[in-house]
Each structure stands twice: as C-alpha cells, then as structure tokens.
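The values are calculated or read from the model by the stated rules, or taken from the named source; none is laboratory data. What you see is a predicted model; the values in this text were computed from it and never measured. Heads up, the Cβs are rebuilt from the backbone with ideal geometry, glycines too, and the neighbour counts pull from every protein chain shown. Side chains are part of the model used for accessible areas, which takes the heavy atoms of the whole protein and leaves out ligands, DNA and RNA. Shrake-Rupley method; radii C 1.70, N 1.55, O 1.52, S 1.80 Å.
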Amino acid sequence: MSPAKKVQLERILESLDPLPHPTPSTEQYPTPAGIAAEVAYLAHAKGDVETRSVVDLGCGNGVLAIAAKLLGAGRVVGVDSDAEALEVAQRNAERAHVNVEWRLTDVQAIRGSFDTVLMNPPFGSQRRHADRPFLDAALASGRVVYTFLNAKSEAFVRRRIESASGRITDRLVYAFPIPHTFAFHREELRRIDVVLYRLEVAKG
C-alpha cells in the first residue's frame with residue numbers, strides 16, 4: 001500500500017470517531033486531525049515512519065498510530081490504559097483499513113524498543129507530573145520521539161530529556177483547540193499553546 005497523500009490522510013483522520021466519554025483526570029483531549037497529519041508527515045519526511053516500528057503511547061482514539069500506518073510504517077502499536085479508548089481505536093483502524101496492535105496497559109509497563117514514538121500525553125494540567133511516566137517510557141523505548149507538551153512545562157521537559165541523553169532536533173509550536181468537553185470548562189473553545197518536540201535518544 002502506497003503512503004496516503006497529506007490531504008487524503010487528513011480527511012481519513014477527520015473521519016475517525018472521538019472518545020465518547022473522555023476522562024478529565026487523564027486529560028483525554030483529542031489530537032486535531034490536521035495537526036496529527038502534519039506531524040505524521042514530518043516524521044515520514046525525516047525517515048522515522050516508513051517501514052519503521054512505531055508506538056503511540058496513550059493512543060486514545062488511535063489517530064497518531066493510524067496516521068503512521070497509513071504512511072507506510074511497519075509494526076505499529078497503540079498503548080492505552082482505557083479499555084473503551086482501545087475499542088474506539090480498533091474500530092477506527094478497521095475503518096481506515098490498517099492493522100495496528102492495541103495494548104491495554106499502563107505506559108510504565110511497556111517493554112522492548114521501537115524506532116519511533118509518537119505521543120500526545122497528558123500535560124499535567126489536572127494532575128501534576130502526569131506527563132512524566134509517558135516521557136520516561138518514551139525515552140526508554142524509542143530511538144526517536146515525537147511528543148507534544150504544554151509550552152508552560154517546556155523547561156522541565158528539556159531538563160528531563162537532556163538527563164536521559166536525549167537531543168532535541170526540532171521544535172514546532174501549535175495552538176491546540178480544546179472544545180468544551182468537561183463541566184469545569186468555561187469556554188466553548190479554548191486554544192492552548194502547545195510545543196512539539198522531535199528528539200533523538202542515544203542508546204548504549
């Protein structure tokens with residue numbers, strides 16, 4: 001199967017079902033289809049997707065894992081601790097006609113190594129340092145990592161990456177649209193400053 005063109009990829013990702021009952025404590029905010037497609041294409045252009053092994057940590061509805069598979073990734077694994085999320089992700093993969101392995105487990109239980117990690121982890125807005133297990137798992141299991149982070153936590157994340165012999169190669173800034181999802185949200189749509197890092201991890 002030849003990789004999907006960017007406009008085609010975005011259209012497929014837009015058609016995926018969102019999570020019906022997102023949980024505020026785990027910050028299950030969706031990765032916008034346009035941003036997911038752009039990041040997947042960046043990873044593809046860098047040689048980090050096609051034929052590579054890819055893991056999506058905290059995969060939610062599977063958008064990043066599915067995008068990677070549509071762009072020609074080899075083995076793709078989606079990991080989440082929410083069984084309902086994985087059911088949605090499985091249905092979305094079937095709709096997109098791609099084969100992804102889905103694992104119901106905590107990211108801290110991930111073993112093995114992958115060429116590339118893609119993830120949009122919780123930012124720690126509801127529970128302090130909620131992003132730390134995801135970052136640590138990514139640094140331990142991936143040679144290349146693409147991760148979103150809240151711009152406000154950038155200094156902490158940089159220190160964590162550097163202490164694990166990681167090197168940031170790319171930095172992109174996005175404004176994530178966060179729709180009114182939970183009862184405590186006061187606005188119909190809020191945009192938050194989000195940074196995407198691409199980093200390479202030195203392995204012994």
- [ ] Provide the solvent-accessible area of Lys69, counting protein heavy atoms only and rolling a 1.4 Å probe, rounded to the nearest 10 Å².
- [x] 40
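In what order, largest first, do Phe148, Phe156 sit by accessible area if the probe radius is 1.4 Å? Don't jump to the answer; show the numbers that get you there.
Details: Phe148 5, Phe156 45 Å².
Highest to lowest solvent-accessible surface, that is Phe156, Phe148.
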- [ ] Heavy atoms only, probe 1.4 Å: what % of the accessible area of the chain goes to carbon and sulfur, would you let me know?
- [x] 48
Open item on the list: Whole angstrom only: what separates the Cα centroid of segment 83-118 from the Cα centroid of segment 1-22?
Closed with: 15
- [ ] Determine how large the accessible area of Val157 is when every protein chain is in place; take a 1.4 Å probe and give Å² rounded to the nearest 10.
- [x] 0
Open item on the list: As a quick test, which of the pairs Lys6/Lys46; Lys5/Lys203; Lys6/Lys152; Lys5/Lys69 have an alpha carbon distance above 23 angstrom in this structure?
Closed with: Lys5/Lys203; Lys6/Lys152
Task: Contour excess over end-to-end distance, with Cα ends at Ser165 and Thr51 and 0.36 nm allotted per residue - done: 38.5 nm
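Treating only the Cβ atoms of Lys and Arg (+1) and Asp and Glu (-1) as charged, compute the dipole magnitude of segment 42-142 about its Cα centre; round to the nearest 20 debye. Walk me through the numbers before you get to the answer.
Working: 11 positive and 13 negative charges, 28 e Å.
Dipole of segment 42-142, to the nearest 20 debye: 140 debye.
Rolling a 1.4 Å sphere over the protein heavy atoms, what is the accessible area per residue of the chain, to the nearest Å²? The partial results should precede the final answer.
Values: 9940 Å² over 204 residues.
Computed with neighbouring chains in place, this is 49 Å² per residue.
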- [ ] Run the quick spin-label model on Arg95 and Asp136: label points 7 Å from Cα toward the beta carbon, then report their separation in nm to one decimal.
- [x] 3.6
Task: Of Ser113, Ser165, Ser81, the one that fluctuates the most in a GNM where the chain has Cα springs shorter than 10 Å - done: Ser165
